[in-house]
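Just below is one structure, and these are the notes that go with it.
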Amino acid sequence: MSKTVLVTGGAGFIGGNFVRLLLNETDYAVVNVDALTYAGNLISLQDIEDHPRYTFVHGNICDEAVIQNVLNEYAPSSIVNFAAETHVDRSIQGADEFLQTNVLGVQALLKPVIAGNIERFVQVSTDEVYGSLGPEGRFTETTPLDPGNPYSASKAAADFLVRAAVNTYGIDACITRCSNNYGPFQFPEKLIPLMIHRASHGKTLPVYGDGQQVRDWIHVEDHCRAVLAVLERGKKGEVYNIGAENEIQNIEVVRTILTALDKPDSLIEFVKDRPGHDRRYAMDNTKISRELGWHPTVSFAQGMQATIDWYSNNAEWIQSIISKEYIRYFERQYGTASGT
Ligand code: NAD
Ligand code: TYD
């Protein structure tokens, strides 16, 4: 019988792509526990909802009874935790939910691992825990954590909890820290889907500050394959950085989208900068390449074209997930003038 993986947050962007990877390319059975917040959508999983190795459980990772029931019923051997509040701008508007899910939720998930009921725990973290880089250098796994906003602070806290559980209780856990993802099914509050969605409707593109901040972009499929490599071959207690060596300024990303959609640069609108905006992220992925044999396979040019095509061909997906809550968030963040 195939082993079962408990994937949390599998109705979100990366978790959903990971669930699909497990079902399509491995023998694992998958139980997906997701609270279906504004960012979680079962519409994104319609193609696999009837898969014989897939089960969805609507639940919150902070709810220990939900997790215990999943353990009793499906006996997963491992947990891969994607569930989180993930948007920096929302964390600046208010961080309570970030601490609840990203910190206390991880603490709740660690309990059955500490009790010996789970063989392996993978915490999906982020490069943002390292803070902001100057113009030179890259983050390695030994770079000190120096989070610069409430979201990254909550993720760093979770990393410390996982590390403490490895050290104190000897649990088998790994932490992955990946750079900025793009690809299909990303919620249209993040830079790339937001800009594609707005540009394709001829709306202004709000670029924060001078637009010269740098992010290190990776296609979501490459990230998911890296997490799978860590689940299967990662060494107990280790941290693995994941990145695809695509350092690009935000303004350049936005111009790439405008060019691909044949829209004018005049849609760009420089707006007030994000408070405490991290200037640059860049990942050194030497460790995971050397030790686990993982390498990114999707070039930025190829991945972006495929992503722009996907959003153009799936315009109804965005329409179906945009709610009143999104419109209210959008107004708080950008003001009413820009419109959704
Ligand atoms: P997302 O916001 O698209 O999805 C998050 C999912 O978690 C949603 O389905 C949501 O319903 C679910 N969720 C939230 N709170 C929950 C709770 N209390 N219980 C159960 N489910 C809950 O996020 P994403 O972009 O797919 O990110 C997934 C993970 O990857 C996060 O941990 C994030 O920190 C990490 N990460 C993201 C990126 C990126 O670029 N998006 C990069 C590196 C790491
Ligand atoms: P985002 O997708 O929110 O990811 P993160 O903050 O986790 O890196 O933002 C990516 C970059 O794009 C970041 O430097 C902020 C910038 N940005 C804008 O300039 N305008 C926007 O409307 C958004 C959402 C982001």
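The values are calculated or read from the model by the stated rules, or taken from the named source; none is laboratory data. Bear in mind the structure is a predicted one, so any value in this text is a computation, not a measurement. Here Cβ is always computed from backbone atoms with ideal geometry, including for glycine, and neighbour counts include all displayed protein chains. Note: areas computed on protein heavy atoms with side chains; ligands, DNA, RNA excluded. Shrake-Rupley method; radii C 1.70, N 1.55, O 1.52, S 1.80 Å.
Quick notes on this one:
- Tabulated pairs, the range 201-227, first farther than 19 Å from His295 by Cα and aliphatic (A, V, I, L, M), second open to solvent by less than 10 Å² (accessible area, probe 1.4 Å) and within 16 Å of ligand 1 (Cβ to nearest atom), C-beta under 6 angstrom, 6+ apart or interchain: Leu205/Met195
- Single unsatisfied condition, Glu221 versus (1) within 15 Å of ligand 1 (Cβ to nearest atom); (2) outside any strand (DSSP E or B); (3) open to solvent by less than 10 Å² (accessible area, probe 1.4 Å): (3)
- Tally of residues being assigned to a helix (DSSP H, G or I), near ligand 2 (Cβ under 8 Å from one of its atoms) and touching a strand residue (DSSP E or B) at 6+ places or on another chain (Cβ under 7 Å) across the range 193-218: 1
- Residue match in the range 201-215 (condition: within 15 Å of ligand 1 (Cβ to nearest atom) and open to solvent by 10 Å² or more (accessible area, probe 1.4 Å)): yes
- Pairs meeting the criteria (first residue in the range 96-109 and modelled with pLDDT of 95 or more, second residue open to solvent by 90 Å² or more (accessible area, probe 1.4 Å) and part of a helix (DSSP H, G or I), beta carbons under 6 Å, at least 6 apart or on different chains) are Ala108/Glu64.
- Qualifying residue in the range 39-52 (condition: closer than 24 Å to Arg233 by Cβ, outside any helix (DSSP H, G or I) and within 12 Å of ligand 1 (Cβ to nearest atom)): no
- Just one of the listed residues (Gly183, Gly148, Gly137, Gly131) is among the small types (Gly, Ala, Ser) and within 23 Å of Met304 (Cβ to Cβ), namely Gly183.
- Number of positions in the range 300-324 that are under 19 Å from the mean Cα position of the chain (by Cα) and closer than 27 Å to Ser132 by Cβ: 4
- Segments classed as helices (runs of 4 or more DSSP H), wholly inside the range 251-340, with at least 3 members that are open to solvent by less than 60 Å² (accessible area, probe 1.4 Å) and more than 24 Å from Lys203 (Cβ to Cβ): 286-292
- Residue match in the range 175-190 (condition: surrounded by fewer than 24 Cβ atoms within 10 Å (Cβ to Cβ) and either assigned to a helix (DSSP H, G or I) or free of Cβ contacts under 8 Å to residues at least 60 places away in the same chain (or both)): no
- Of the candidates Gly148, Gly137, Gly131, Gly116, the single residue that is of a type outside the set (D, E, K, R), on the phi > 0 side of the Ramachandran plot and touching an Asp or Glu at 6+ places or on another chain (Cβ under 8 Å) is Gly131.
- Pairs, first closer than 21 Å to Asp27 by Cβ and open to solvent by 50 Å² or more (accessible area, probe 1.4 Å) in the range 60-86, second away from ligand 2 (no atom under 16 Å from the Cβ) and not in a helix (DSSP H, G or I), C-beta under 6 Å, six or more apart: Tyr74/Thr4; Tyr74/Val31
- Output for the range 29-54, where each listed residue is closer than 17 Å to Lys3 by Cα and of a type in the set (D, E, K, R): Arg53
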